[in-house]
Amino acid sequence: MTLKACKKRDKMDREFQKKFKFEGSINVLTQMMVDPAATEKKGGAKNLPLRRGEILDVIQFTNQEQILCRNSQRKYGYVPRAVMLPL
(Lines give C-alpha, C1' and ligand atoms only; values in the text may rest on other atoms or scores of the structure.)
Protein backbone atom coordinates (compact mmCIF):
# COMPACT_ATOMS: atom_id res chain seq x y z
CA MET A 1 0.00 0.00 0.00
CA THR A 2 1.39 3.39 -0.93
CA LEU A 3 1.76 6.25 1.50
CA LYS A 4 -0.91 8.23 -0.36
CA ALA A 5 -3.41 5.37 -0.14
CA CYS A 6 -2.64 4.88 3.54
CA LYS A 7 -3.23 8.57 4.30
CA LYS A 8 -6.50 8.51 2.33
CA ARG A 9 -7.66 5.46 4.29
CA ASP A 10 -6.80 7.11 7.61
CA LYS A 11 -8.66 10.28 6.58
CA MET A 12 -11.79 8.27 5.68
CA ASP A 13 -11.64 6.48 9.03
CA ARG A 14 -11.36 9.79 10.93
CA GLU A 15 -14.33 11.22 8.98
CA PHE A 16 -16.34 8.10 9.87
CA GLN A 17 -15.52 8.47 13.57
CA LYS A 18 -16.56 12.12 13.52
CA LYS A 19 -19.79 11.57 11.52
CA PHE A 20 -21.02 8.60 13.56
CA LYS A 21 -19.54 9.76 16.91
CA PHE A 22 -17.63 6.47 17.07
CA GLU A 23 -15.11 6.21 19.92
CA GLY A 24 -12.05 3.96 19.91
CA SER A 25 -10.45 1.89 17.19
CA ILE A 26 -12.39 0.49 14.25
CA ASN A 27 -12.53 -3.30 14.53
CA VAL A 28 -14.32 -5.61 12.12
CA LEU A 29 -16.57 -7.94 14.14
CA THR A 30 -17.57 -10.18 11.24
CA GLN A 31 -18.49 -10.12 7.58
CA MET A 32 -22.00 -10.47 6.22
CA MET A 33 -23.52 -10.55 2.76
CA VAL A 34 -26.37 -8.45 1.41
CA ASP A 35 -29.25 -10.76 0.45
CA PRO A 36 -29.12 -11.44 -3.33
CA ALA A 37 -32.94 -11.21 -3.38
CA ALA A 38 -32.97 -7.76 -1.72
CA THR A 39 -33.68 -4.63 -3.72
CA GLU A 40 -30.72 -2.36 -4.35
CA LYS A 41 -30.93 0.97 -2.55
CA LYS A 42 -29.10 4.24 -2.82
CA GLY A 43 -27.37 5.44 0.30
CA GLY A 44 -28.66 8.32 2.33
CA ALA A 45 -27.08 10.67 4.83
CA LYS A 46 -25.97 7.85 7.12
CA ASN A 47 -27.16 4.81 5.16
CA LEU A 48 -24.84 2.70 3.07
CA PRO A 49 -25.80 2.04 -0.56
CA LEU A 50 -26.77 -1.62 -1.02
CA ARG A 51 -25.80 -3.91 -3.87
CA ARG A 52 -27.06 -7.48 -4.10
CA GLY A 53 -24.56 -10.09 -2.95
CA GLU A 54 -22.06 -7.52 -1.66
CA ILE A 55 -19.87 -8.58 1.27
CA LEU A 56 -19.79 -5.97 4.06
CA ASP A 57 -17.58 -5.65 7.14
CA VAL A 58 -19.67 -5.34 10.31
CA ILE A 59 -18.29 -2.63 12.60
CA GLN A 60 -21.06 -2.50 15.22
CA PHE A 61 -24.43 -4.12 15.92
CA THR A 62 -26.24 -0.87 16.78
CA ASN A 63 -29.80 -2.07 17.48
CA GLN A 64 -32.39 -4.68 16.46
CA GLU A 65 -33.00 -3.02 13.09
CA GLN A 66 -29.64 -1.70 11.88
CA ILE A 67 -25.97 -2.64 11.66
CA LEU A 68 -23.06 -0.24 11.15
CA CYS A 69 -21.05 -1.56 8.20
CA ARG A 70 -18.19 -0.75 5.83
CA ASN A 71 -18.13 -1.68 2.14
CA SER A 72 -15.17 -2.49 -0.11
CA GLN A 73 -14.70 1.20 -1.00
CA ARG A 74 -14.23 1.96 2.75
CA LYS A 75 -17.55 3.82 2.94
CA TYR A 76 -19.44 3.51 6.19
CA GLY A 77 -23.14 3.54 6.97
CA TYR A 78 -26.14 1.83 8.47
CA VAL A 79 -27.65 -1.25 6.82
CA PRO A 80 -31.00 -2.86 7.75
CA ARG A 81 -30.55 -6.22 9.48
CA ALA A 82 -33.40 -7.68 7.43
CA VAL A 83 -31.28 -7.70 4.24
CA MET A 84 -28.13 -9.16 5.80
CA LEU A 85 -27.14 -12.84 5.65
CA PRO A 86 -24.31 -14.49 7.62
CA LEU A 87 -21.45 -15.92 5.58
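Scanning region 65-87 for residues that are assigned to a helix (DSSP H, G or I) and either on the phi > 0 side of the Ramachandran plot or surrounded by 13 or more Cβ atoms within 10 Å (Cβ to Cβ) (or both) yields Arg81, Val83. Summed over region 30-64, residues that are among the aliphatic types (A, V, I, L, M), assigned to a loop (DSSP other than H, G, I, E, B) and either surrounded by 13 or more Cβ atoms within 10 Å (Cβ to Cβ) or at positive phi (or both) total 2.
Regarding region 7-26, can at least one residue be identified that is polar (S, T, N, Q), part of a helix (DSSP H, G or I) and within 14 Å of the chain's Cα centre (by Cα)? Checked region 7-26: at least one residue is polar (S, T, N, Q), part of a helix (DSSP H, G or I) and within 14 Å of the chain's Cα centre (by Cα). Taking residues in region 13-26 that are open to solvent by 100 Å² or more (accessible area, probe 1.4 Å), and partners anywhere that are assigned to a helix (DSSP H, G or I), the pairs with Cβ atoms closer than 9 Å and at least 6 places apart or on different chains are Glu23/Gln17.
Close contacts from region 60-87, counting a first residue that is in contact (Cβ under 8 Å) with a residue 40 or more places away in the chain and among the charged types (D, E, K, R) and a second that is open to solvent by less than 70 Å² (accessible area, probe 1.4 Å) and part of a strand (DSSP E or B), with Cβ to Cβ under 8 Å and a gap of 6+ residues or different chains, come to Arg70/Leu56; Arg70/Asp57; Arg70/Ile59; Arg70/Tyr76.
The values are calculated or read from the model by the stated rules, or taken from the named source; none is laboratory data. Everything numeric in this text was worked out from a predicted model, so none of it was measured. Because the Cβ atoms are built from the backbone with ideal geometry, glycine has one as well, and the counts that use them run over all protein chains shown. Protein only, heavy atoms only, side chains kept; ligands, DNA and RNA dropped before computing areas. Shrake-Rupley method; radii C 1.70, N 1.55, O 1.52, S 1.80 Å.
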